[in-house]
Amino acid sequence: MGPDPLRLSELGSGAEAVLQIVAHFDALVEAGADADVVLQAAESIAECPVGARWKSATQPEVWLERAGSTAHPLEAVLLDRVRHALRLAASRSGSTVRLGDPALLELVLSDNELPAERARAIRLLGLDETREVRVLAVSAGSPAEALRVVMRELGDQPVRSVAIGADTALLCYSSEDARTLSDRLDAAIIAAFPPPLPAQVGRGPWVGIGAKTTVFGAPASWRQAQRGLRFASSTHYGRRAVAYERLSVLELLADLPSEQVLRHHDVARINAIASKPSGAHDVDTTEAFCVLGSLRRTAAQLHLHHSTVAARIARVESAMGWDLADPIDRFTATLVLIVRRIALSSAELATTEPTGVGQYR
């Protein structure tokens, strides 16, 4: 049998009791305990919930959720040792660690929970109810390095993460506007995973970004992030990070049945062209041109001569009956490529297995 569990209510207030608490958390630190283990130990000792939030990258704020009982003289000692252990856990992980069980984050993001249960999960996660948050949806097929790119761009703020179905939800505090955040994430992902990539190489994450909200509005931001994820790219030259707030009327395209989209004659013809190796290059180049807006920028992005870019686009124009110098044809081509990308992304996301990336902190 192991030693009796430590309980604050059973301890005195003298030096021996102080040393017991210090020794208990020193042992956890030496064992390499993470934030979850530290908080579970604190709750066991205090016999009440323990809340925590990060005021900065290295300074956690910790408190006891004790109601209707007299404070113990050594509560300040307990909280000091918890803060110390959490700081060391953060130092070992190299970033601010997640606090709380991922299952609690699922409760926060769920529409099906009672408000009281969601509020309890918010408190146990130590989320600051006074700050705005966003929820991001990250494609679960991303390799580990891809998710690290996203986490790195979110900075040293606390980020809670959990795998939900085939996606990974990231909840973070947010002061940036949607355009700035999505552009920054998109650029970082493209820099880390520049197109085009060989089939056997992970192309990096797709990210959908929900709108800013209070922590109690997180379920709506999560739904929006999932909608945005369908617009993120399954092809080489589409956007890798898409903010729901920037979709505007384009959001209506997400409701188009994928099977119907893929049967449309223009999408079917584009897919037929892309099914051949040379045609795939032509379609990729045309998509890059529609995204980047000029031959010069497209040639620079693809590291090709502008005459090669022009020739590839001309072949697609001929096969599709388009003239991309004409505004209507250019809009049509852009729309066809967008709805094709949504259909391809939706189909791929639907068949992607969860990867357990919710473990990242």
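Between Ser44 and Ser278, the C-beta separation translates, for a Förster distance of 51 Å, into a calculated FRET efficiency of about 0.20. Principal-axis analysis of the Cα atoms of the chain puts helix 178-192 at an angle of about 80° to the longest axis.
Anyone know which of Val82, Val207, Val18 comes out most mobile in the 10 Å Cα GNM of the chain? Result: Val18 has the largest fluctuation of those listed.
Here the chain has 55 percent of its accessible surface on carbon and sulfur atoms, given a 1.4 Å probe and all protein chains in place.
Per residue, the chain exposes 47 Å² of accessible surface when a 1.4 Å probe is rolled over the protein heavy atoms with every protein chain present. Using every pair of separate Cα atoms, the Kirkwood estimate puts the hydrodynamic radius of the range 248-353 at 14.4 angstrom. Along its principal axes, the range 179-335 has C-alpha extents of 53, 34, 32 angstrom, given from the largest down. For the range 311-327, backbone phi angles converted through the Karplus equation (6.51, -1.76, 1.60; θ = phi - 60°) give residue-by-residue couplings of 5, 5, 5, 4, 5, 5, 4, 5, 5, 9, x, 9, 10, 5, 7, 8, x Hz, Gly and Pro being listed as x. Kirkwood radius for the range 291-351, taken over all pairs of different Cα atoms as the inverse mean of 1/r, rounds to 12.9 Å.
Both radii come from the Cα set of the range 104-181: Rg as radius of gyration, Rh as Kirkwood radius; their ratio Rg/Rh reads 0.97. Each pair of Cα atoms in the chain enters the Kirkwood radius, and Stokes-Einstein at 4 °C and 1.567 mPa s then converts it into a translational diffusion coefficient of 57 µm²/s.
The values are calculated or read from the model by the stated rules, or taken from the named source; none is laboratory data. Model, not experiment: these values are computed from the prediction. A quick note on method: Cβ atoms are made from the backbone with ideal geometry, for glycine too, and the neighbour counts reach across all protein chains shown. With ligands, DNA and RNA removed, areas are computed over all heavy atoms of the protein, side chains included. Shrake-Rupley method; radii C 1.70, N 1.55, O 1.52, S 1.80 Å.
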